Amino acid sequence: MKKAKKVGKSVSRPVGKKIKKVGSRQSAVGKKKTNKKNSLPDMTLYPYPFEKHGDAGYQMTRLKRYAEKLGTDGSALVMKAYALAEQRHAGQVRDGGSPFIIHLIRTANILMAEWGERDASVIAAALLHDIIEDTHTTAREVKDGFGAEVGKLTDGMTMWKGSESPDAYFLRISRGPADLRRIKCADVIDNLRSWYECPPDLADKFPVWWRLARTYGVPMAETASAPASTLMKRMVEHPWYLEKAGMA
């Protein structure tokens with residue numbers, strides 16, 4: 001559900017809307033406060049308060065903290081990938097106006113902070129997973145700058161528009177290596193978490209996104225990561241998502 005676009009110029013891919021500082025929280029007695037018209041999903045599907053989802057500073061702090069757990073070389077590789085992603089995606093925004101780079105940071109954070117990923121090549125590829133598709137960066141540049149493994153994973157995450165449908169793209173990744181599948185699962189999870197940001201004119205996309213997540217994402221997660229599988233199943237079967245997708 002992602003779309004990188006330049007300010008004043010459309011580039012590619014659908015995404016969400018800029019975060020508003022709202023949010024239901026879990027009360028001390030375990031009762032969940034609900035917001036007006038149930039406009040936000042269940043907060044238990046997020047590892048942080050809603051207002052932190054679009055907080056670039058908060059997400060960046062998490063990235064640096066967990067990158068340090070990868071050792072000196074691993075941390076350097078991850079921060080190098082972040083630097084290139086920040087440079088190449090500069091000026092690209094989510095549909096609501098937030099910087100596109102935050103989606104890449106959150107994808108890496110899901111892998112590290114939530115699923116315990118400690119392979120620096122996987123995290124670097126997560127940060128670069130849209131760079132070939134949405135910028136003028138080539139697969140060769142990624143391979144030469146970050147090594148064969150990061151290049152292979154980044155290339156694998158690239159959907160070749162015009163020659164590959166979303167269904168074919170998901171099927172290809174689902175047949176790929178486990179590292180590639182985990183990155184895609186993290187990408188899907190962050191996009192699902194971002195649904196509530198989307199402006200009304202993207203509402204017709206929800207059924208398509210839900211179908212792709214349910215049809216391909218869930219089976220993929222089952223073969224790639226137990227935490228990813230549990231979370232993605234909860235999300236696609238949650239009443240809030242079913243209602244948004246017109247499946248309720």
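Just so it is clear, none of the values below were taken in a lab; they were calculated from the coordinates. Computed from a predicted model, the values in this text were never measured in an experiment. All Cβ positions, glycine included, derive from the backbone under ideal geometry; neighbour counts span all protein chains shown.
Determine the dipole magnitude for the stretch 117-248: charges of +1 sit on the beta-carbon of Lys and Arg, -1 on that of Asp and Glu, nothing else is charged, the reference point is the Cα centre, and the result goes in debye to the nearest 20. Display every interim value, and only then the final one.
Working: 17 positive and 20 negative charges, 86 e Å.
For the stretch 117-248, the charge dipole is close to 420 debye.
For ALA168 and TYR46 in the same chain, what is the full-extension length gain: residue separation times 0.36 nm, less their Cα-Cα distance, in nm? Please list the in-between numbers first.
Values: separation 122, 0.36 × 122 = 43.92 nm, distance 2.91 nm.
Gain on stretching ALA168 to TYR46: 41.0 nm.
In percent, what relative contact order does the stretch 50-244 have, based on Cα pairs under 8 Å that are 6 or more apart in sequence? Walk me through the intermediate numbers first.
Values: 222 pairs, mean separation 34.3, N = 195.
Relative CO of the stretch 50-244 lands at 18 percent.
Which of THR72, THR107, THR135 has the fewest other C-beta atoms within 10 Å, and how do the rest follow up to the most?
Numbers: THR72 8, THR107 25, THR135 21.
Lowest count first: THR72, THR135, THR107.
If you find the alpha carbon centre of the stretch 188-203 and of the stretch 65-84, how far apart are they in angstrom?
29
Taking 0.36 nm per residue of separation and subtracting the Cα-Cα distance, what length does fully extending ALA178 through THR215 add? Walk me through the numbers on the way to the answer.
Values: separation 37, 0.36 × 37 = 13.32 nm, distance 1.80 nm.
Working it through step by step, the gained length comes to 11.5 nm.
Quick check on the exposure proxy: order LYS244, LYS184, LYS233 from fewest to most C-beta atoms within 10 angstrom. Each step should come with its number before you reach the end.
Details: LYS244 19, LYS184 26, LYS233 16.
Fewest-to-most Cβ neighbours within 10 Å comes out as LYS233, LYS244, LYS184.
At q = 0.10, 0.14, 0.20 Å⁻¹, what base-10 log of I(q)/I(0) does the Debye formula yield for the stretch 126-248 when every alpha carbon is treated as an equal point scatterer in vacuo?
Relative scattering, expressed as log10 I(q)/I(0), comes to -0.33, -0.63, -1.15.
Can you tell me how much longer the chain between ALA139 and ALA90 gets when fully stretched, taken as 0.36 nm per residue apart minus their C-alpha distance, in nm with one decimal?
Working: separation 49, 0.36 × 49 = 17.64 nm, distance 1.88 nm.
Difference between extended and current length: 15.8 nm.
Where the only charges are on Cβ atoms (+1 Lys, Arg; -1 Asp, Glu), what is the dipole of the stretch 201-248 about its Cα centre, to the nearest 20 debye?
Working: 6 positive and 5 negative charges, 18 e Å.
Charge dipole, the stretch 201-248, about its Cα centre: 80 debye, nearest 20.
With point charges of +1 on the Cβ of Lys and Arg and -1 on the Cβ of Asp and Glu, referenced to the Cα centre of the stretch 50-244, which listed residue (GLY162, GLY57, GLY91) lies farthest in the positive direction of the dipole?
GLY57
Just want the ordering: HIS238, HIS129, HIS89, HIS53, from fewest to most Cβ atoms lying within 10 Å of their own Cβ. Walk me through the intermediate numbers first.
Details: HIS238 16, HIS129 28, HIS89 25, HIS53 22.
Neighbour counts put them in this order, fewest first: HIS238, HIS53, HIS89, HIS129.
What residues qualify as long-range amide H neighbours of GLN92, i.e. H under 5 Å apart, gap of 5 or more or another chain, H built at 1.01 Å from N?
PHE100
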